[in-house]
Amino acid sequence: MTSSYTDYTVGAPVADTAAPGGPIEERWERRRFGVKLVNPANKRKMKIIVVGTGLAGGSAAASLAELGYQVSSFCYQDSPRRAHSIAAQGGINAAKNYRNDGDSVHRLFYDTVKGGDFRSRESNVHRLAEISLQIIDQCVAQGVPFAREYGGLLDTRSFGGAQVSRTFYARGQTGQQLLLGAYQALERQIDAGGVTMYPRHEMLDLIMVEGRARGIVARDLITGETRSHLADAVVLASGGYGNVFYLSTNAKGCNVTATWRAHRKGALFANPCYTQIHPTCIPVSGDHQSKLTLMSESLRNDGRVWVPKRKGDDRAPGDIPEDDRDYYLERKYPAFGNLVPRDIASRAAKDVCDEGRGVGPTGLGVYLDFADAITRLGRSAVAAKYGNLFEMYQRITGEDPYAVPMRIFPAVHYTMGGLWVDYDLQSTIPGLFVVGEANFSDHGANRLGASALMQGLADGYFVLPNTIGDYLAGARLGPVDPANDEVRAAEQDVANRVETLLSIDGTRTVDSFHRELGHLMWDHCGMERTDEGLRKALDRIPELRREFWSNVKVPGTGAQLNQSLERAGRVADFLELAELMCLDALHRTESCGGHFRAESQTEDGEAARDDKNFSYAAAWEFTGQGEPPVLHKEDLHFEYVMPSQRSYK
């Protein structure tokens with residue numbers, strides 16, 4: 001009898017040997033002082049590849065070039081400005097305590113560890129909280145137009161999972177403004193010759209020579225030319241994998257290919273089942289949709305979430321009196337109300353819709369009502385805070401949120417899992433560094449709102465520029481011959497894969513496979529997971545993958561712009577990733593953060609963790625397509641924030 005994918009084995013533990021000990025507030029400074037340095041003359045001889053130009057990749061490439069390294073920057077978009085970071089809306093956290101409301105580095109650290117349901121590393125999270133102070137100063141110096149109070153000081157607002165106001169913002173365009181700041185720094189280095197930019201290039205494989213990451217194989221998406229690019233180190237900043245669900249708030253092009261191809265070469269993939277469902281998205285309107293639209297979490301500062309108390313109440317919202325409304329977040333979680341963390345708010349919305357109290361044509365929606373805020377503050381004040389978000393909602397739905405409540409429903413948004421990295425952001429492949437959403441390192445089982453931008457910029461501007469030098473100084477690398485057997489083998493693997501996709505000439509479109517996979521993942525590995533559902537998915541996904549490789553239709557050729565070919569390669573990787581996600585969710589028989597197992601909940605329906613058996617990061621080793629992977633566990637230790645039952649009541 002052949003083994004199944006669920007017959008995984010447990011291998012040797014994995015440990016973060018780069019993390020220093022001692023008092024937590026001294027660890028980052030101790031590590032910075034302990035790294036080996038590269039002198040400026042030697043930096044000019046070293047080459048670094050950065051894949052991705054979002055906040056993490058753009059800031060990393062600019063910072064590394066500023067230090068003197070030769071940097072090659074790759075993105076599949078036509079401009080670095082089109083990286084998906086530009087879509088972030090609500091804000092970026094920093095423990096500046098400008099409001100004098102009790103915030104501090106330690107409180108941000110505490111909120112983040114607790115918000116991640118005690119499944120993150122304390123050392124990484126504390127470093128993130130420390131660096132948050134520097135990020136705001138850096139961005140202000142770049143000219144990022146953060147909102148300001150009447151007196152000219154930077155303004156802040158609240159986000160989920162915190163009782164202080166620590167989120168800096170630029171209306172509902174924070175990601176755009178921060179990305180433009182990083183883009184300016186990147187373009188300056190391109191002009192100075194420190195960065196060579198490769199737009200419309202997609203990484204299709206990682207080149208390893210003598211066990212180290214030494215380059216990538218990339219395809220020019222305009223000409224179809226595929227060739228290798230060599231370097232002394234490779235940095236992946238390619239974002240998350242939420243599009244495995246087909247419908248998500250991610251841009252249509254977001255994919256897992258760069259990190260998954262590295263995983264196939266030996267980089268461990270950690271916690272893939274930790275996906276975040278954002279509670280504040282415009283509901284699905286029909287099968288024609290290819291993506292979903294996020295409504296910023298910042299709207300929950302002033303918007304009140306409610307549904308009718310009675311099932312099947314189809315009256316217009318304005319016709320439903322207060323006594324017939326259930327402000328369920330305020331009722332269930334009075335201490336945090338509408339600002340509970342995303343995983344809590346998303347499950348609560350699902351619960352009331354499952355009860356038959358959802359609103360809108362499909363019954364899969366809840367109201368986000370600004371009537372009280374407009375009465376209290378005035379329409380102009382609300383417009384000053386959220387005007388572009390209100391305009392976007394009205395353009396998409398045809399409804400005026402100043403006059404009627406928004407309708408929202410949870411949707412896939414962010415992935416906390418990613419390639420395993422140590423404290424230096426280095427993967428299990430020497431010379432391969434992973435930053436931003438592409439790694440697993442900082443958020444645990446749930447990400448607090450406004451922390452993604454914080455992590456991306458912390459990794460790119462402040463962490464990686466310090467730690468990558470330690471590797472380069474110690475590796476003492478020589479040049480790689482482009483004719484090297486391992487380089488040629490990687491190039492040939494890519495060519496064979498492209499040729500295979502084009503030669504199948506089946507009857508099903510790439511999108512039909514992707515859509516079916518997305519339905520499977522949403523139904524069985526979405527907001528709620530069960531043993532039965534996950535096993536159903538693990539039975540069907542291999543069948544779907546086999547059908548893909550025998551019946552997919554990819555028109556055109558490889559020697560031209562071919563978006564069907566691009567999507568086919570990405571969906572092929574999603575079909576492998578999805579299996580690992582379901583296995584990770586199946587093996588973790590607890591509930592924590594964004595991973596909610598129906599079999600593991602408290603009497604009142606909250607997530608029930610199992611710290612005795614699952615207080616670890618699950619890092620998976622690839623052993624072959626469809627072959628049982630190997631699980632390596634990194635035990636999590638808590639000295640400063642002791643695990644407890646999360647409560648926002």
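The values are calculated or read from the model by the stated rules, or taken from the named source; none is laboratory data. Just so it is clear, the structure is predicted and the values come from calculations on it, not from any experiment. Reconstructed Cβ throughout: ideal geometry from the backbone, glycine too, with neighbour counts over all protein chains shown. Ligands, DNA and RNA are stripped out before the accessible areas are found, and what is left, the full protein with its side chains, is counted by its heavy atoms. Shrake-Rupley method; radii C 1.70, N 1.55, O 1.52, S 1.80 Å.
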Q: For the range 526-579, report the translational diffusion coefficient in µm²/s to the nearest whole number, using Stokes-Einstein at 37 °C, 0.692 mPa s, and a Kirkwood Rh over Cα pairs.
A: 256 µm²/s
Q.
Show me, for the range 232-242, the HN-Hα J-couplings you get by feeding each phi into the Karplus relation (A = 6.51, B = -1.76, C = 1.60, θ = phi - 60°), rounded to Hz, glycine and proline as x.
A. 8, 7, 10, 10, 9, 9, 9, x, x, 10, x
**Q.** Expected 222 nm ellipticity per residue - DSSP helices of 4 or more, -39500 (n - 2.57), all of the chain, to 500
**A.** -11000 deg cm²/dmol
Q. What FRET efficiency would be calculated for the residue pair D16, N100, taking the C-beta separation as r and a Förster radius of 41 Å, to the nearest 0.05?
A. 0.70
Q) How much solvent-accessible surface does D354 expose, in Å² to the nearest 10, with a 1.4 Å probe and all protein chains in place? A) 100 Å²
(Q) From the P(r) of the range 443-533, could you give the percentage of C-alpha pairs in the tail past 24 Å? (A) 65 percent
Q | In nm, spacing of pseudo-spin labels at R540 and T589 (7 Å Cα→C-beta vector) | A | 2.4 nm
**Q.** Accessible surface, per residue, of the range 200-309 when the full set of protein chains is kept, probe 1.4 Å, Å²
**A.** 24 Å²
Q. Could you state the per residue volume, in Å³, of the convex hull enclosing the Cα atoms of the range 562-649?
A. 162 Å³
**Q.** Candidates per GluC sites (Glu not before Pro) in the range 186-288, loop by DSSP, up to 12 other Cβ within 10 Å
**A.** E210, E225
Q: Take the alpha-carbon centre of the range 117-164, take the same for the range 485-512, and report the distance between them in whole Å.
A: 44 Å
Q: Report, in cubic angstrom per residue, the convex hull volume of the C-alpha atoms of the range 290-355.
A: 126 Å³
Q | Full-extension gain in nm, S285 to D323, via 0.36 nm per residue minus C-alpha separation | A | 10.7 nm
Q. For the range 66-166, what value does the Rg/Rh ratio take when both radii are computed over Cα atoms and Rh is the Kirkwood radius, given to two decimals?
A. 1.02
Q | Semi-axis lengths (Å, descending) of the ellipsoid that matches the C-alpha gyration tensor of the range 298-443 | A | 36, 19, 14
Q) For the peptides 470-476, 386-392, 245-251, what is the packing order when you average, over each peptide's residues, the other Cβ atoms within 10 Å and list the highest mean first? A) 245-251, 386-392, 470-476
Q) So what's the net charge close to Q142: Lys and Arg +1, Asp and Glu -1, counting the other residues with Cβ under 13 Å from its Cβ? A) -2
Q: Just list whichever of K350/K612; K36/K265; K309/K350; K291/K385; K612/K633 have alpha carbons separated by over 19 Å in the model shown.
A: K350/K612; K36/K265; K291/K385
Q: Find the Rg to Rh ratio for the range 113-186, where Rh is the Kirkwood radius over alpha-carbon pairs and Rg uses the same atoms.
A: 1.01
Q) Relative contact order of the chain: what whole-number percent is it, with Cα pairs under 8 angstrom and at least 6 residues apart? A) 22 percent
Q: First compute the accessible area of the chain with a 1.4 Å probe, then give the percent of it belonging to carbon and sulfur atoms.
A: 48 percent
Q | Largest to smallest principal axis extent of the C-alpha atoms in the range 205-358, angstrom | A | 69, 36, 25
Q) So what are the radius of gyration and Dmax for the Cα set of the chain, in Å? A) 23.8, 75
Q: Name the residues whose placed amide hydrogens come within less than 5 Å of the amide hydrogen of G215, ignoring near sequence neighbours (fewer than 5 apart) on the same chain.
A: I207, A231
Q.
I'd like the distance separating the alpha-carbon centroids of the range 185-243 and the range 619-635, in whole Å.
A. 26 Å
Q.
Taking the solvent-accessible surface of protein heavy atoms with a 1.4 Å probe, what is the per residue accessible area of the range 42-127 in Å²?
A. 32 Å²
Q: Lys and Arg at +1, Asp and Glu at -1: add these up for the other residues within a Cβ distance under 11 Å of L37 and post the number.
A: +2
Q: Quick one: check the C-alpha center-to-center distance for the range 34-87 versus the range 404-474, whole angstrom.
A: 15 Å
Q | Cα→Cβ-extended label distance, 7 Å offset, between Q563 and E391, nm | A | 2.6 nm
Q) Antiparallel DSSP bridges in the chain: what percent, to the nearest 5? A) 70 percent
**Q.** Length added when fully stretched, A371-W549, from 0.36 nm per residue minus Cα-Cα
**A.** 58.8 nm
Q) Within a Cβ distance under 11 Å of P317, other residues only, what is the Lys/Arg minus Asp/Glu net charge? A) -3
Q.
Please compute the modelled spin-label separation between D604 and D137, points set 7 Å along Cα→Cβ, answer in nm with one decimal.
A. 4.3 nm
Q: Calculate, axis by axis, the spread of Cα positions in the range 472-512 along the three principal axes, and write the results as whole Å, longest axis first.
A: 52, 21, 9
Q.
Using 0.36 nm times the number of residues separating A192 and Y402, minus their current alpha carbon distance, what extension gain do you get?
A. 70.8 nm
Q: Would you please give the FRET efficiency between R315 and K612, computed as 1/(1 + (r/R0)^6) with r the Cβ-Cβ distance and R0 = 45 Å, to the nearest 0.05?
A: 0.40
